[in-house]
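A.B. asks: My questions will all concern the structure given below.
The values are calculated or read from the model by the stated rules, or taken from the named source; none is laboratory data. As the structure is a prediction and not an experimental result, all values here were calculated from the model. Here the Cβ positions follow ideal geometry from the backbone for every residue, glycine too, while neighbour counts run over all protein chains shown.
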Amino acid sequence: MFKRVIVAIDFSENSRRALDRAAGWARQLKVPLTVIHVVEGPSLTAYSAYAPMGDPSWFVDAQPNASLIMDTWLAPYPEARGILLAGSPAEQIIGAADPEALLVIGQVGHSVLEHLLSGSTATKLVRHAPCDVLVVRNGS
């Protein structure tokens with residue numbers, strides 16, 4: 001059975017539902033709850049010649065604000081442990097998961113074009129996570 005519940009949040013309304021659902025599962029299973037938020041860095045595209053490649057200063061600048069928001073989100077869940085990571089959301093979340101975890105994520109509605117260009121984090125997690133993934137659908 002599961003030894004921990006991990007929920008990834010992006011501070012959207014649907015990730016709030018995912019957090020609530022994950023907290024319920026963690027309580028029911030009597031296992032720890034870990035809440036992960038990934039601060040995504042500047043997009044490095046072929047069109048961004050000025051992107052700060054390899055420069056982590058963007059995370060240093062973004063971390064205090066993300067930390068304050070995370071603290072607010074975790075206030076109703078005193079049993080939860082929050083973790084801020086930097087980089088690609090899918091890669092960081094997959095790296096934090098293990099076979100004994102239940103990974104919970106909210107589905108974010110993307111347009112077909114957005115999904116084709118970048119895929120969705122939920123889709124990447126379902127395909128590549130080393131554990132079971134629960135996707136909380138929009139509005140559910």
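A.B. asks: Check region 103-111 and report whether any residue there is closer than 19 Å to Val135 by Cα, at pLDDT 95 or above and under 11 Å from the mean Cα position of the chain (by Cα).
C.D. replies: So far as region 103-111 goes, yes, one or more of its residues are closer than 19 Å to Val135 by Cα, at pLDDT 95 or above and under 11 Å from the mean Cα position of the chain (by Cα).
A.B. asks: Any residue at all in region 1-14 that's surrounded by fewer than 14 Cβ atoms within 10 Å (Cβ to Cβ), at pLDDT below 95 and within 21 Å of Asp132 (Cα to Cα)?
C.D. replies: Checked region 1-14: at least one residue is surrounded by fewer than 14 Cβ atoms within 10 Å (Cβ to Cβ), at pLDDT below 95 and within 21 Å of Asp132 (Cα to Cα).
A.B. asks: Please specify each residue of region 24-52 satisfying the condition of being of a type in the set (A, V, I, L, M, F, W, C), touching a strand residue (DSSP E or B) at 6+ places or on another chain (Cβ under 6 Å) and at pLDDT 95 or above.
C.D. replies: The answer is Trp25, Ala26, Val31, Leu33, Val35, Ile36.
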